[in-house]
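Input: a single structure, listed below in structure tokens.
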Amino acid sequence: MIKKLIVAGLLCLSATSIYAQKFTFDLNDKNDEKISPIVKDRISEFTLVIRQIVQEEKSAMEKKIAAIDKELAEGKLNASEATAKKEAIASVYSGTINDRIQEVNFNLDDIIKQQVAFSIMNGEDPITPKTKQDVTKRYRIVNQINGYGSFGYMAFTGKKDEELNKHEKFSSNLTAGLIYERQLSLTSPLNFLAGGLFSWRTYRIDDDMRFNRDENGNVGLVKNEKSLDKSKLRSAYFMVPVGFKYNFSKVKNITEDFAYRPQGKHYVAAYLYGGTLLSSNNIYKGDGVRNKERGNYNVNNFIYGAEITIGLGLVDVFVRKDFNNYFKDNTFDNRKMLQFGINLGL
């Protein structure tokens with residue numbers, strides 16, 4: 001009897017097993033790019049429908065089998081009659097499940113064609129009337145805000161003051177902020193750039209020299225009485241860049257009437273910038289000396305210039321040039337900052 005009940009249960013699930021064997025996809029496969037996202041969604045949807053059908057029919061069948069067991073216990077049926085009725089019920093519900101699944105109208109051929117097209121197109125789903133809305137959401141114009149950071153070496157052009165040149169040490173610039181980026185069109189290689197950046201420019205000098213501002217407001221270099229480990233003038237600016245980025249990636253055609261340009265790692269970006277001085281600090285430390293004095297050391301209150309960044313894939317490099325003097329009012333000389341470095345964020 002137990003064996004026959006097991007057979008009846010298998011009959012009830014036969015329709016589900018038949019359909020399940022037609023398509024076997026591991027939706028958690030690590031190589032997700034091998035399966036079309038559209039195929040995944042449709043299979044998941046169909047699986048849920050089958051599960052619902054089986055659960056509903058199984059619940060109804062169990063109620064009828066329970067009624068037969070009750071009649072058997074009350075002596076209204078003998079064992080062979082009960083078994084025959086249960087097998088008949090299992091057969092009926094197996095057919096009902098099969099019919100309901102057929103009504104779902106799951107087109108396996110269409111799924112196979114979708115997956116074949118996905119594989120042929122190297123991981124891109126073709127556009128159809130049913131998927132056009134999803135595709136237009138997936139492939140959209142770049143319109144985003146990126147974090148930005150850069151570090152570079154500061155060199156100077158137009159030097160005249162020999163005293164400052166003689167004691168000049170490695171000077172650097174650290175920049176951080178946000179860059180807004182918008183692609184001009186879905187296939188355009190040009191992206192518009194704008195943003196807000198904070199720039200910390202650190203001018204270092206050596207040989208126990210330090211910057212000094214006398215009582216008359218004149219800024220120059222003086223020799224410190226004790227040896228110094230550090231001596232630098234750090235100026236902070238707020239900068240606003242505006243420019244464009246040219247992307248070297250190629251346009252990808254999804255269909256004859258739909259194409260887009262992916263954002264690659266190889267590009268050239270160029271922009272102009274302007275900035276205003278936030279603070280300037282004269283910092284020096286050494287033998288019994290520790291000073292951080294905020295004041296006016298005649299660095300320019302406003303800066304403007306241009307930058308070019310080249311995206312090489314693994315690293316991005318840039319050149320930045322100020323168009324006005326580093327120091328104002330002819331302090332020291334007419335030197336202008338020229339910076340080389342690496343950046344992140346574009």
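The values are calculated or read from the model by the stated rules, or taken from the named source; none is laboratory data. Quick caveat, the model's predicted, so the values are computed rather than measured. Don't worry about glycine lacking a Cβ; one is built from the backbone with ideal geometry, like all the others, and counts go over all protein chains shown. When the accessible area is computed, the model is the full protein with side chains, heavy atoms only, and any ligands, DNA or RNA have been set aside. Shrake-Rupley method; radii C 1.70, N 1.55, O 1.52, S 1.80 Å.
Once the stretch 300-346 is narrowed to residues that are aromatic (F, W, Y) and under 15 Å from F151 (Cα atoms), the residue that is most open to solvent (accessible area, probe 1.4 Å) is F340.
Residues in the stretch 183-193 that are part of a strand (DSSP E or B) and either in contact with a helix residue (DSSP H, G or I) (Cβ under 9 Å, 6 or more places away or on another chain) or open to solvent by 20 Å² or more (accessible area, probe 1.4 Å) (or both): L190, F192.
For the stretch 134-177, a residue qualifies if it is closer than 30 Å to I254 by Cβ and either touching a strand residue (DSSP E or B) at 6+ places or on another chain (Cβ under 6 Å) or open to solvent by less than 50 Å² (accessible area, probe 1.4 Å) (or both), and the qualifying residues are V135, Y139, I141, V142, N143, Q144, I145, N146. Condition test on T202, is it closer than 30 Å to T309 by Cα, in the same structural domain as N143 (by the TED database) and in a loop (DSSP other than H, G, I, E, B)? In short, no. Out of the stretch 237-258, which residues are assigned to a strand (DSSP E or B) and either on the phi > 0 side of the Ramachandran plot or open to solvent by less than 60 Å² (accessible area, probe 1.4 Å) (or both)? Listed by number, the residues that qualify are Y237, M239, P241, G243, K245, N247, I254, T255, F258. Taking the stretch 225-236 as the range and being modelled with pLDDT of 85 or more and open to solvent by 20 Å² or more (accessible area, probe 1.4 Å) as the test, the residues that pass are S227, L228, D229, K230, K232, R234. Can you tell me which condition G217 does not meet? The list is (1) among the small types (G, A, S); (2) closer than 27 Å to N143 by Cα; (3) part of a loop (DSSP other than H, G, I, E, B), and all the others hold. Condition not satisfied by G217: (2).
Quick check: is even one residue across the stretch 30-46 modelled with pLDDT of 50 or more, closer than 21 Å to T96 by Cβ and out of contact with any Gly (no Cβ under 9 Å at 6 or more places or on another chain)? Yes: one or more hits. Among the residues of the stretch 256-310, those that are over 19 Å from T175 (Cα atoms) and among the small types (G, A, S) comprise A259, G264, G286, G288, G295.
Of the strands (runs of 3 or more DSSP E) contained entirely in the stretch 259-346, those carrying at least 2 residues that are within 28 Å of N216 (Cβ to Cβ) and among the basic types (K, R) fall at 289-294. Scanning the stretch 279-311 for residues that are modelled with pLDDT of 95 or more, over 30 Å from the mean Cα position of the chain (by Cα) and hydrophobic (A, V, I, L, M, F, W, C) gives F302, I303. If you go through the stretch 273-297 and keep only what is small (G, A, S) and surrounded by fewer than 17 Cβ atoms within 10 Å (Cβ to Cβ), you end up with G274, S279, G288, G295. Just one of the listed residues (N282, N218, N247) is assigned by the TED database to the domain that holds V317, in contact with a Pro (Cβ under 8 Å, 6 or more places away or on another chain) and of a type outside the set (A, V, I, L, M), namely N247. Just to be sure before I move on: is A270 at pLDDT 90 or above, within 30 Å of N324 (Cβ to Cβ) and open to solvent by less than 20 Å² (accessible area, probe 1.4 Å) in the structure I sent? It is false that A270 is at pLDDT 90 or above, within 30 Å of N324 (Cβ to Cβ) and open to solvent by less than 20 Å² (accessible area, probe 1.4 Å). Of the set (1) modelled with pLDDT of 90 or more; (2) buried (at least 17 other Cβ atoms within 10 Å of the Cβ), all apply to R210 but (1). Looking across K3, K70, K64, one residue alone is open to solvent by 70 Å² or more (accessible area, probe 1.4 Å), modelled with pLDDT under 80 and of a type in the set (D, E, K, R). It is K3. Contact annotation: residue pairs with Cβ atoms under 8 Å, 6 or more positions apart or on different chains, pairing a residue in the stretch 323-334 that is β-branched (V, I, T) with a partner that is open to solvent by 20 Å² or more (accessible area, probe 1.4 Å) and not in a loop (DSSP other than H, G, I, E, B), are T331/V219.
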